[in-house]
Amino acid sequence: MDDQPSGRDDVAESTLVTRRGTFRAVAFRDRPGGHEHLALVFGPPVVRENVLVRVHSECLTGDVFGATRCECGGQLEASLDAIVAAGSGILIYLRGHEGRGIGLVAKVRTHILQDEQGMDTVDSATALGLPVDTRDYGAAAWLLNHLGVRSIRLLSNNPDKIRSIESLGIDVVARVPLLVPADDDNLRYLTAKRDRLGHDLPQLDGFVGSANRPGR
């Protein structure tokens, strides 16, 4: 597997104190010259079975700047809250996954098509000749093995992510929903994820945006 740290020099660990509590930060590189990722480990290190895990794809616009067209930032915050509330768990932050793997510049170009031509997140990528999803989870699988984790409960709404992670030898014993409320800004994005990409998003059922509410 190419997307895995090449040796012990590619891993560094330290304590990271945050407003939610104290985590063990594990930084690692997927290959020489490749992307650097970060895992935040919360709770006792002896937990190895049924570990609550979020494998989060980098989204600079959502995670850092709070963009509302996607729910990425909300999922990141909710994942950390869930892990702390559970008393233990791991958040794996995978870089190089921007725009489901197409990169930041290409993602911003898809936003132009979405805003000016009404395309969804899938069609705006393919219209530019780009793949819909090129993400690889090999680095996450390596990290879980490095930590001695034997089985996980995955915070995700994406069945394909479960299949991808299980194909790498990780035992996913349960999927834990990670639902961010729908609103007028993210509705088109969430609807495309449900209808085009197969995500399980029951919060969309019966949602009525403000433009369609009585009196508008």
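Taken together, the values in this text are just the output of simple stated rules run on the coordinates, not laboratory data. These numbers were taken from a predicted model, which means no experiment stands behind them. A quick note on method: Cβ atoms are made from the backbone with ideal geometry, for glycine too, and the neighbour counts reach across all protein chains shown.
General observations
- Within segment 176-195: backbone nitrogen closer than 13 Å to the ARG69 label point (7 Å, Cα to C-beta): 185-190
- In order along segment 122-129, the Karplus-derived 3J(HN,Hα) couplings, from 6.51 cos²θ - 1.76 cosθ + 1.60 at θ = phi - 60°, round to 7, 5, 5, 6, 5, 5, 8, x Hz, and Gly and Pro are given as x.
- Share of Cα-Cα pairs in the chain lying beyond 21 Å, as whole percent: 56 percent
- Where labels lie 7 Å past Cα in the beta-carbon direction, separation of SER88 and VAL17 in nm: 2.4 nm
- Calculated mean residue ellipticity, 222 nm, the chain: -9000 deg cm²/dmol, from DSSP H runs (n ≥ 4) at -39500 (n - 2.57) each, averaged per residue and rounded to 500.
- J(HN,Hα) series, segment 193-207, from Karplus relation 6.51 cos²θ - 1.76 cosθ + 1.60, nearest Hz, glycine and proline x: 5, 6, 7, 9, 10, x, 6, 8, 10, x, 5, 7, 4, x, 5
- Degrees, to the nearest 10: 104-117 long Cα axis against longest axis of the chain: 20 degrees
- Mean separation of Cα contacts under 8 Å (6+ apart) over length of segment 138-191, as relative contact order %: 36 percent
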